[in-house]
Every structure is written in structure tokens, then in C-alpha cells.
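Please treat every number below as a calculation from the coordinates, not as lab data. All of these numbers come straight from a predicted model, not from anything done at the bench. Note that we place each Cβ from the backbone using ideal geometry, even for glycine, and neighbour counts take in every protein chain shown.
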Amino acid sequence: MSLPVLEARGITKRFAGVTALDGVDFNARAGEVHALMGENGAGKSTLIKVLTGAYARDEGTVRVGGEPIAPRCTGDAEAAGIATVYQEVNLIPDLSVAENIGLGRQPLRWGCIHWRAVRDRARRALARLGLTLDVDQPLSTCSIAVQQLVAVARALDVSARVLILDEPTSSLDEREVGELFAVIRRLRADGMAIVLVTHFLDQVYAISDRITVLRNGRLVGEFAAADLPRLELVSHMLGRPCDELPAAGRAAASLPPPGAPLLAVRDFGRKNVLRPLDLHVHAGEVLGLAGLLGSGRTELARLLFGIDRPDCGEMKVAGHLTKIRSPGASLRLRFGFTPEDRKTQALLPNLSVRENLIVALQVRRGLWRRVPRAEQDQLTARFIQALGIKASGPEQAIKHLSGGNQQKVLLARWLATEPRLLILDEPTRGIDVGAQADLERLLAELRAQGLALIFISSEISELVRNSQRIIVLRDHAKVAELAGGEVEESTVMRAIADEGGAPPPHG
Amino acid sequence: MKARLPQQQIPVAASLAVLLLLYGGGCALFPHFGSLRVLINLFGDNAFLGIAAVGTTFVILSGGIDLSVGSVVAFTGILVARLVAQGVAPPAALAIALLLGALFGGLMGLLIQAFDLPPFLVTLGGMFLARGLGFMVHAESIAITHPFYDGFIAQTLAIRVSSRLSIPFTAVCLVAVVAGATALARWTPFGRNVYALGSNEASARLMGLPVARTKVGVYALAGFLSALGGCVATFYMQSGNPASFVGLELDAIAAAVIGGTILRGGVGFIPGTLVGVLILGLIQTLITFQGDLNTWWTRIIIGALLFLFILLQEMISRFARRS
Amino acid sequence: SQVGAESGWRTANTSSIKAEAAKRQVTLRFSDAQQKQENQIKALRSFVAQGVDVIAFSPVVETGWEPVLREIKQAGIPVVLTDRAVAVSDPGLFATFIGSDFVEEGRRAGRWLAQKTGGKAVIAELVGTPGSAPAIDRKKGFEEILGAHPEMKIVLSQSGDFTRAKGKEVMEAFLKSPQGRQVTALFAHNDDMALGAIQAIEEAGLKPGQDIIIVSIDGVRDAFVAMAAGKLNCSVECNPLIGPQLFDLAAAVAAGQPVPHRVPVAEGVYDQSQAAAALPNRQY
Amino acid sequence: MGSWIHLVFWLLFAAGLWAARGRTVFWPLLALGLLLLFNELFTPGFFALEVRGGHLYGTRIDILNEGAKIMLLGLGLTLVIATGGVDLSVGATMAIAGAVAAQALVAAHLSPGLAILAALVAAALAGAWNGLLVAVLRIPPIVATLILMVAGRGIAQLITGGQIITFADPVLGYLGNGWFLGLPFTLTVVLLAFGLTALLTRRTALGLFIEAIGESETASRYTGLPARTVKFFVYVFSGVCAGVAGLIAAGNIHSADANHAGLYLELDAIIAAVVGGTSLAGGRFYLAGALVGALLMQTLTTTLYALNVSADVATVPKALVILAACLLQSPQFRARLTRRKSPGAA
Ligand SMILES: Nc1ncnc2c1ncn2[C@@H]1O[C@H](COP(=O)(O)OP(=O)(O)OP(=O)(O)O)[C@@H](O)[C@H]1O
Ligand SMILES: Nc1ncnc2c1ncn2[C@@H]1O[C@H](COP(=O)(O)OP(=O)(O)OP(=O)(O)O)[C@@H](O)[C@H]1O
Ligand SMILES: [Mg+2]
Ligand SMILES: [Mg+2]
């Protein structure tokens, strides 16, 4: 076994009211991929931020190549040879893609930034991930998945000894995950130490050599991946023995309920955004939206929820012709929508878990009928319990929650409004296995209660597991609609990949 | 391949279009409006505002705000005047003033950075402080009479156009500062870090950028440019007055915003600020050429024109974005 | 180019000039500087660009006119200063100056107070806007007179910004300070501040005009009302109605006729005995 | 009798501090306490309090009375700032309200009630104009309200014809100058306004909506929140607050001074709101903090008069107090203070 390049001993980190890390040891060895696992809020991201100096540690030592380091900012860590991709995209949305990759280490010529070199380098870094984009476009115009890849490209662009990736794959589709893993394998072969955080067990086993499990800020243990069966890993993470997760009840088996659909649109689209399409969803049904990155799933969801306005087509809700002009109108129709970019489109960072949770319900009740405090507290307590949200209390600011727990609060925000239709754009992004199973169970329950769901996910297996029907989008147009027996991973994949020869959409 | 961020340049282009439109309108309406002298005046008269506004633009780009501009300009003026009156050589006096300006700005930046204080309040404190210090330097205005000013700056450095008309040195300073600042913002790591800081400070920190240094640097730069604006104002008026330039900071902010800089930071273009300054100056010129407005109508018309400008800019931007 | 419209006095000054221009059918390019020197300089330079025949302006402050006046001279346009003077190295930069003498106004106020109180007074002073010419000069003139009367002392002095509200607020604070309780006289740099202070004095349960002798400057209409009511003791006139005189001068200057370099304005000192009689004639 | 009043005052103040411990308003309150303590020790006559003409009379009472305008503006601005905006036009709006009321009385001979109504309607319209620019046309607030800051004073002067309009109306005079229960009536107005605002924001969902918009307008809109309407309302509210302040300012001196009423007061009010704990970036807001902040500003102004500090340099101590107040609020600064004090203890 090679010596650790990165060696952390007895790391402790406390926040006001919580001990996020409690005496954790962690090693990363050259030529190995080391997976860091744990439930939402276990302390993975915190450990990484301590290692890179984004947080000051309270106790413990960190050594790189035997030398103790005490990085006071992430720049120090980078100088010591640690390159990092943080959870949630942490880049500069207003600057161009090229610049985001080059920022802080721009090549100079005559004391000035050599822009051509910056762009070339960015293109090369992206090419390593199999990505070609216009590097001059502002980052904010890229989808969240592309942003995630840009962040990875930025980290790859430094010659580091340790590469840390905190949930780099949460919004990537399979092809991109494949590209990324190929790069990681190459780096591993070159002798780099790689730390990977992800909630996808398949991915963990596909690539890691070693697994460290954290639970509630404590170290559970370090294992060789080959010696750790899946089930055991999960039970280490959860701290209790468990049955195989997720409970794969195939949703497609049940028949779509009869009667008029809850929501039906016809010739529905918007110029330059979405080619007109038909779509319907019944109460008690999950409609999956499949497609590659940028295929237009998010656009469709935004149009359906009234964030953007369609410029053609008609919409019927429960058989009545309706026009949705704003999210507020959708809310009154008892629709709900969790956007994929929760950081900028959903979170109210400094407000408490309670306030984040009841805000949609409050909007539905209107300005004057304030949700009584007792009801707020009771709702919050109920959802914290039901979804297993880890927070120091209902009054904790949501920005201090771990990523996965934030996502659960945002889901609870809509569930609290008792919606008829819920549009979920990548809801499982960053949610741990346990919670993912809980979520899937929840979806099934909601569906049983007569809720209609539109479910967007880049993970096809998840989509297939949970949907009765799947609509496949490509290049901002509907290319296929699969129902019943067609809801199969292979069929979906083929529909996504098929060039031109897709069956004509029926609907 | 050329660099282009078309979406973000639209407001600047819109402002420029509005500026040209208004200038054309003025020429059509009033005799003499199109004369070269008016154009030169436009640059020369607004030089100190323009230079200070460039500093403000940097601060806004970094996600902050600087309210101390007017006071620092006034303070610099009275300091230089006092020093010159006491026999200090003008170049030395100017250098001292510039240094103090940078120091003053840097100090505010340090407070903002080290204690995470709101820039609005700290620079507001700076505004009061500099104003009071100006009165402490000398409570009344002082004229500067020195051959360096009368001869060198006013005569030698001015560019003669004809026997009766010359481009004042102040205008030259303005153009030079805008050019230099544009380069600084576009071509240096410092400049890019300012954008990054303003766009998302937390990300900038995680990306390992020197956030603290950049933040302090930005306020120091703004202080320096305010002081430079003050120096240019002394060229312009050959005097210093501690009570002058009240509210200049608002004009500077308005110029930056009209020029396309977004107040929450991270987006903006330095030449846009020049356009903003020229627009403000043009509004004033139009009003003097109109020549029959009393105080209140002057105010109302300035407000109305400002509104019109912003509305037009919005409309042009939206239209350009759609097509 | 006018300073602004910061007071009724200034507004009267403006209307007098505008009315006269209309009467004589002279084209007047009027510009308001919003009390900022830089605006005024811009306006002057724009006048040059417009090629006017005569430029008249009331400078916001005394200094800082050298470059622009030189430019105007180069363009061959004569300059008439109104109301306030400028400090320039070469008096040839302007043709003439018509206006009140602020220092003299301060002296008049001082003289009147010395006479009224027999040279014995504990004085509070409400100063104008810091740094403004009238505030500086009126204080100077007033203190000049006090120099000759050792038993007249200023014990409190604060800026009331030439406004009623500030005048009142500052006077309230004065009256509560230990020195304020001994004050027997008040000198306000303009009537508005005095009018504000009168209210503060009344609210403190004292009688303005009796318990505290009040002298101020300007002679606006409301001051005459207050004098007639016995609340204000004296107002030194500062006459804004200079329109006719100004246009006489401008015409002479434009025609190249010689004019005196300094033209005073006819002004008086009014106290309670004249107030009621003069009130109906006040135009501002 | 002086000494027991001091004792009662300080006991009350200490009780207030104790009640506020752990809350955001604690720090501005502490700053106010320190400033008052300074006055107690160094400013002669500052703490004298007596009964004159059937009401209390003293510097502290003046502070409450003169500070009323900043407190009212501060209330409105707190809500505006909480949505992530700012309103620079409140000073000009004060001038408009005063001018309208005065002309309604003097030129139009309306009854005082109607005059007040007219003034408030004018102020609300001014606020609505700002709201229109910010919420509907989406112009950045600082520029949008700058327009009215410049033009509004012009409008007020247009109304008064550039003259100071003096009136003798007792009702309006009472508003600016009257006494109620031995205290300035303005204090009653402020408390009423505060109570109403608190009720409006905390008993309805308005407070939550405002804070949500300030936190993230995008997220709020995606949640279906009527962001534009709320923002519009907030500017109207700020306008009305400024209107009431303008009426008080005019009533106080029995005249409308379009040129000076409320001049630069917007700055004091913004400082009050921010010192009170509301962040200019938007989000959480603290109404009581704004009141304390306003009192802090007014105490400072009055102190400088009482100490006879020359107005030229009076801005220096003002700067220092503002900096001290925001340092006190900074957790980093407090951490540094305590760390330095207790290296042995830790
Ligand atoms: N700045 C902070 N202030 C207070 N508490 C915090 C802060 N950052 C993290 N925490 C807490 O520390 C704990 C660990 O969070 P962390 O983000 O490390 O979890 P994680 O393992 O990365 O979870 P996830 O899989 O959801 O990303 C959580 O309970 C979280 O609430
Ligand atoms: N709120 C938004 N504003 C501007 N552009 C957006 C917004 N949301 C998405 N886009 C852009 O629309 C394009 C289409 O991507 P979209 O998100 O619709 O695809 P998708 O199928 O949902 O894929 P994914 O979400 O996995 O990227 C992307 O370039 C994305 O950046
Ligand atoms: Mg995490
Ligand atoms: Mg998407």
C-alpha cells in the first residue's frame, strides 16, 4: 500500500450548535480513487472544506506529502497541490466559460492577460472531458450540468497531487459520467490521488479503490472497495442493517387511471425554446421526462409552470381550458415545481428551515391569511420527521444545511401545499441513498393519493423505476412517448440516441 | 476569434445610442450646440466626475459601493490648495493628495474586509470623515495661484485647436484614465478578480482567488481615483473648497449604472461609465442651452430626462435581446 | 447664472431679474446652478459657446473662477458679478460687481445690537451654511463690532444652515445648555433661522424679543410680520431687487461705456418701530 | 429630583437592554446607551428634565421629538431595504407633502383634515411612482429613486413657487409641535406607525414575503410569490411614511420650506435602518432596530449642538459613531475583542 499523499488526523469542526466533524481521520493515496460516503449531512462537504482551507478547522492536523499544512484559504491548498470541485457549482456566473477555467492563473504576456492562451487552455481542458462549447459564452447561459463539468475542467487544469470531487456527477447524464470517469482513471494511472463524493452506489463501485464512511460527523471506517459489499456499505452509512435499496417497485406496471387527464397541453411551445408538443398527465400518474443535457426538459417544465410563457398551444386543466400566466397562477391551480438549480432559484438562504418550508403554502393562502405560527411549527416538525431532514432545529438558516437536506426542505415546501400536480426537476440531485429510497417511496405514496407528477431526471434507471409513461426530448422537441411495456431502460436509451428514426410521437 | 459577451454589452450599446440620439437632438434644436467647443466642454467640464465615476465603477463591479467620492474630491482640493498656499511645490502636493486618497480608500476597504462590514455604512462614514477633515484643513475656500497651475497646466498641457479654443488638460486626463482603467479591468488578473468578487464572493473565495487583497485594492483604487478627480478639479477651478462637490457620489453611481454597470456587481464595462458621464453632462448642457428654466423646472427636467434615458436604454436593451 | 433657489430671498432676486429682462425685451439665458460651483462653471462655459453679449452671475463661492473668467475674457465677453464678489488675481477679469456687502451687513447688525443693549449682551449666534460667503462675511462683520464692545460676547455659535427647521432645532439645544440659560441676545445670519429660533424660544416659555433680543439679516416679509408682532427686534435689509440696476449696468458694459467697478445696492436697517409701516410694501 | 429621574431612566434602559439580549436590536441599543452615557458624563445640562407648561421639557425630549422624522422614514426604508432596494427620494417626498399641505391650507383654504389627506395622497403617489419604476419597469432602485430625489424637490418648489409658505393652522401645528400625555405628540405618531407596521408585517404574511424577496427574488417568483406587487406596495408605504414625516416637519415650524425640508434626511434614515440590523442586501428586517438607529443618529446630532461642536467638523464625530456602531454589530470584531480580553480565561 502506498503512503498517503494527503493525511488528515483527528479533524474536528464545530459550527454554532453543531459538531459537523468529530475527530475524523482521512487518507488519500497516490494512484487510488477514494470514495467518501455518508448520508446527507454526514459531514463530507465539511471535511473537504476543512482540507482545502475553506473552513478553519478547530482541531486536527493535515499533511500533504508528509508536510503539515494549515491552509487559510483555498488558494493555499491549491498551492500545496490540492485541486477541488466543491458541491454546488462554485464558479462565477457572469464571466465566460474560458475565464472561469482560467481565473486566478491566467497566462500573462507583457504583463497583460493573454486571452487567446486562456481560451485555448480552456478548450483543451474541456476537450479532456469530451466537451466542446463556445468558451466565450457567459457561464450563466450554460445548463447546470455543463457548469458542473466546467468546474471539473477547472480543477483538472491545475497540476495537482490530490483531486477532490464533491458530487461532481449529480446532474450529469450517463455519457458524461462515462467521460469523467475515463479521465479519472487516466489521472489515477498517472499517480494522482483522487477523492470522490457521490451518492450513486453504482458509480462508487465502478471506480473507487477505497471507501471511507462518515456518519453524523464521525468516522465509521475505511474499507477497501472490493471487500465491502454494497449492503454493508449502506448499513454503515445508515447506522442500521437495511434491506436492499432502493425498493424497486416497478411503477410502470400499474395502469394509468381512466378519465380526463389532470393536465393536458396541445401544440404547446415557444419559439427558439421548445418545439410545439402534446403532453398529458393524469392524477395518480408519474410522467417521466427523459433526454440528454440541454434537450429542453427544464424549458418544458418552466413553460408548464408559467415561469416562461408559451407562445402557442392550449392548456387544459381537469378538462377546463386554462391559461397559466405566472407561477402564482399555477400555485392557485395547486401545481408545484422544484427547479433544478436550487441555489439560485429556490433557496431563501438566510431564512430558516421553517420559513423556507411554509412559504409556498403561505403564498397560496394569500397575504392576509397568515399561516398561524402553531401550524407552521407543526408542519415543519412533521416534514422534518417524515423526510428525515437533518437540521439543528426548525429555526436554523437553510444555508447551513447540507445540500441534500436543503433539497428535502424544498420538496417539503411543495408538499405542504397539498398539490395536485408536482413538477420535479432533478429532485434526487445530491440526495443520499436512504433519502432517495424514502423519496421514491414518497412519490409512490403521493401517486397513490392521486397526485400527478412530472418527473425529470438524468438517471434513466430512476426514471424507469418511477414513471408510468416517459416522454423523450431531444433538441428541444418531443421525439418519443413510451408507455406500459416500453418503459424500459434500453428503449429509453434508444429513443434518446436514435437519429431521426424515432417513432412518431403519439399523444 | 474575438472576445464577445454580447448579452452583457447591450446596455452599454443602448446607452451609447441614446447619447448620440440626444446629441443629435440638441444640435437640431439649438444653434451652436453642434460646435466643437460644446463637445470639448463636455469632456473638460465633466472630467473630475468621470474620473471619480471610474473608481466608483470598480467598486460597484466588486459588489460594493463607495459613497465617500464627493467628500474625498473636496478634501483633495482643499488639501492641495492649502499645501500650495504654504509653499509646497504643486507636483508634490498632488502626489501627497493622491497617496492620501489611496490610503483613505484602502483603510475603508480594510474595515469592510476584515470585519465584514456593510460597504454602504463604512463609506458613508468615510464620506462624513473626509468632509470634516476637509474643513479641518481649511474652513474656507482657497485660491491656487502658482505658475505651475496658471502656466504649465492651463497653457502648456492644453492642446490648442485654434487661437480661441483649446482642449483642456482635464479632458486629456479623463480620456487617459478611462483608457487605463479599461485595460486594468480587461487585461489584468486584478481586474478579473474584481469581476469575480462582485459576481459571487463565496465562489471567488472557494476558487482560491485573493478576495481580501482584491477587496482592499478596489477601495484603495477608488480612493486614488477620487483623489485624482480632486486634483483634476483643482486644475479646473484653480482653487479648493471644503464645502464643494456634495452629492457627487450619486452622480458617479448614476453614471456607472446608466453606463451598464449592474449594481449588484460582476457585470459592467468601464467605457460605459464614460458614456454615462457624458449623458449626465449632456442633460445639463441641454438645460443651459434651453436657458429659461428656474430652479424647480431645472430639477424636474433633469429628473424627467434621466427617466427618459433609462427608459430608452431599457427599451433598446430589451429589443436587442429579443432579436 | 443664478446660484439656486435656496431661499425666498433668492427667488425674489431671480424674479426681479427675469421681470426686468422681459420689460426691456432682452433675451435672457437663465441658468440655475443648484448651489453647485461646478454647475455654474459649466453654465458659464456654455454661455461662451452660445456666444452671448454679456454674462452676469452670482458666484456660489468666492474662489475658483480664475480659469473660466480668463476663458470668457479670451472670448471677449464682459462679465457682471451680482450679489457676491469673487477673489481673482486680476480685477480686470470682470467688468463690475453689483450687490450687497455681507461684511457691512454683519457690522450693521452688530452696531444695532450694541446700541440696543448698551454694549452688554450674552449672545448666541446662528451661523449660515458652513463655508458659504454670507455666513463667513456676516460673522466677520459682526465680530468686528464686538471687538469694540468687550462686554458683548458670543457664548454659543452653531450652524442653522440658513433654514427655519435647523434654526429651531439648534436653538432648542442652545436653550438647554448651561450657557444657553444666560443668553440675552441672538444674532441669526438670516431671517429664516431667526423665525425658527423664535418658535423654539416660545416653546421654552420665554418671550422672544423681550427675554432675548433678536437681530437677523435679509428683511424678508415674514420677518416684518414677526417684528410687527414684537417677536423679532431688528432685521438688516439685504435687497434682492437688483434687476433694474443690473440691466442698466449690463447695457452700459455691452456698449463699452465705463462703469464703476463696485456698485452698491440701496439697503436699510429695520426695527420694530418701522416694521408695521413697511410691511405692506415688502415684495419678498 | 434630578437624580431619581436619572436612576429610573437608566434602570429602564438597562431593563430594555436585558430584554433585547441575544437579539439583533441589542447592539444598536448598546451603542445608544454608550452615547447617552457619554452625554451623562460630559455634556452639561443634557440630562436635565423638568416639567414646563404642563409637559416634560429637556434635551431627551427634544431628541424624541426631532428624531421622529428619521424614525418614520426609517420604518419605511427598512421595508424597502429588506426587499433589496433603497429609496433615496424620501427627503424630497417630505418636501412635497409639506408643500401640498401648506398650499392646501393657504392657497386653497381647505380644512386641515383635507390638507393632511391631500399631502398623504401626494406622498403615496410619489411612492407609487418609485414603485412603478422599480417593480414594473425594473429600473435599479438607486437610480429609480434618484430621479424623484432630484425632481421631487423641484415639484415641491413648483407647488410653493419657491417661497416658504407660512401657515398658522393649529391642527398641523399640533402634529409637529403638540403635546400628548406630557410627551411630544410626534412620539405618539411614531409609536402608532411602528405598531401598525409591525402588525402589518408580522400579523400578515407581508413580512415573510418581503424577506423572501430580499433573499432571492428569483426564488420568490418561482414560488408564486407576487414579488412585483409587494415591491410596489413597499415603495408606496415608504412614500406615505415620508409624507407623515413631511407633515411633522412642516407642522414643527408652521411653514413649508420646499428647498430644505428633509434635505439629506434620507441618508440619516438609511443609516438608522442599517445600524438597526437590516442588511442593504435585503432579507431580514428589524423595525425596532430602525427606531433605535434613528434615535442614535438624532442623539448624536443633538449632542454635537449641545457640545457646541462647530458644524464644519461635526461630520467627523458622526463618522466615528457610525463606524463604531457598525463595528459593534460585526461578529468578527466582537470575536476579536473578546479574544484579546480573555486569552487567559480560554
Ligand atoms: N456553515 C455552517 N454553519 C452551520 N452548520 C453547518 C455549516 N455547514 C455545514 N453545517 C452542518 O454540518 C453538517 C454537515 O454538513 P455537510 O455539508 O458536510 O454534509 P454532507 O455530508 O456534505 O451532506 P450532503 O450529502 O447533503 O452534501 C450538517 O448538519 C450541516 O447542517
Ligand atoms: N432559467 C434559465 N434561464 C436561461 N436559460 C436557461 C434557464 N434554464 C435553462 N436554460 C438553458 O436552456 C438550455 C436547455 O437546457 P435545459 O435545462 O432545458 O435542458 P434539460 O433537458 O433540462 O437538461 P439539463 O437540465 O439536464 O441540463 C440550457 O442551455 C440552459 O442553460
Ligand atoms: Mg455535501
Ligand atoms: Mg434541466
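Quick notes on this structure:
- Between D:VAL100, D:VAL313, D:VAL234, the Gaussian network model of chain D with springs among Cα atoms under 10 angstrom shows the greatest mean-square fluctuation at D:VAL313.
- Base-10 log of normalised Debye intensity for the stretch A:4-243 (one unit scatterer per alpha-carbon) at q = 0.09, 0.17, 0.18 Å⁻¹: -0.38, -1.29, -1.41
- Distant-in-sequence amide contacts of A:LEU277, defined by a placed amide H-H separation under 5 Å and a gap of 5 or more residues or a different chain, comprise A:ASP267, A:PHE268, A:GLY269.
- For chain C, built as a Gaussian network whose Cα springs stay under 10 Å, the top-fluctuating residue of C:LEU175, C:LEU195, C:LEU81: C:LEU175
- Here the translational diffusion coefficient of chain B follows from Stokes-Einstein with Rh set to the Kirkwood radius across Cα pairs; for 10 °C and 1.306 mPa s it amounts to 78 µm²/s.
- Whole-percent pair-distance distribution, where bins are 5 Å wide, for the alpha carbons of chain C: 1, 6, 12, 16, 17, 14, 11, 9, 7, 4, 2, 0, 0
- Cα coordinate range in the stretch A:356-507, projected on the principal axes (Å, largest first): 57, 33, 28
- For the stretch D:145-250, the equivalent ellipsoid derived from the alpha-carbon gyration tensor has semi-axes of 33, 22, 8 Å in decreasing order.
- Taking every residue in A:94-105 and counting other chain Cβ atoms within 10 Å of its Cβ, the average works out to 5.
- 10 Å-binned pair-distance histogram of the stretch C:118-162 (Cα, whole percent): 28, 52, 20, 0
- In plain terms, the residue of D:PHE167, B:PHE309 with the fewest other Cβ atoms within 10 Å comes first and the most crowded comes last, giving D:PHE167, B:PHE309.
- Each eigenvalue of the Cα gyration tensor of the stretch B:2-87, multiplied by 5 and square-rooted, gives one semi-axis; in descending order these are 31, 25, 10 Å.
- Exposure rule at most 16 other beta-carbon atoms within 10 Å, DSSP loop trypsin sites (Lys or Arg not before Pro): chain B longest free segment: B:5-163
- Our note on the geometry: Cα centres of the stretch D:59-94 and the stretch A:124-170, 48 Å apart.
- Debye-sum result for the stretch D:84-307 in log10 I(q)/I(0), which assumes one identical scatterer on each alpha carbon, at q = 0.07, 0.12 Å⁻¹: -0.22, -0.65
- Mean shadow area of the stretch A:340-418 over all directions, Cα convex hull, nm²: 4.9
- With one equal scatterer per alpha carbon and no solvent term, the Debye-computed log10 I(q)/I(0) for the protein assembly as shown at 0.05, 0.07 1/Å reads -0.45, -0.84.
- Span-like helix criteria (full DSSP H runs; alpha carbon extent of at least 30 Å along the helix axis; mean Kyte-Doolittle hydropathy of at least 0.5) are satisfied in chain B by B:6-29, B:90-115, B:211-237, B:270-290, B:295-322.
- Along chain A, longest interval not containing exposed GluC sites (Glu not before Pro), exposed being DSSP loop plus at most 10 other Cβ atoms within 10 Å: A:245-498
- Helix runs (DSSP H) in chain D reaching 30 Å along axis by Cα, Kyte-Doolittle at least -1.0: D:59-82, D:227-253
- Each of D:VAL230, A:VAL97, A:SER490 was placed along the dipole of the protein assembly as shown (beta-carbon charges, centred on the mean Cα), and the one lying farthest toward the positive end is A:SER490.
- When A:MET315, C:MET227, B:MET315, B:MET108 are sorted by how many other C-beta atoms sit within 10 angstrom of their C-beta, beginning with the fewest, the order is B:MET315, A:MET315, C:MET227, B:MET108.
- Each of A:ARG154, A:ARG109, D:ARG221, A:ARG275 was scored by other Cβ atoms within 10 Å of its Cβ. Arranged with the fewest first, they read A:ARG109, A:ARG275, D:ARG221, A:ARG154.
- 10 Å Cβ shell holding at most 16 others, DSSP loop, chymotrypsin sites (Phe, Trp or Tyr not before Pro): longest site-free stretch of chain A: A:111-367
- Dimensionless Rg/Rh of the stretch B:142-217 - Kirkwood Rh, Rg from C-alpha atoms: 1.28
- Taking the Cα centre of chain C as origin and assigning +1 to Lys and Arg Cβ atoms and -1 to Asp and Glu Cβ atoms, the resulting dipole is close to 140 debye.
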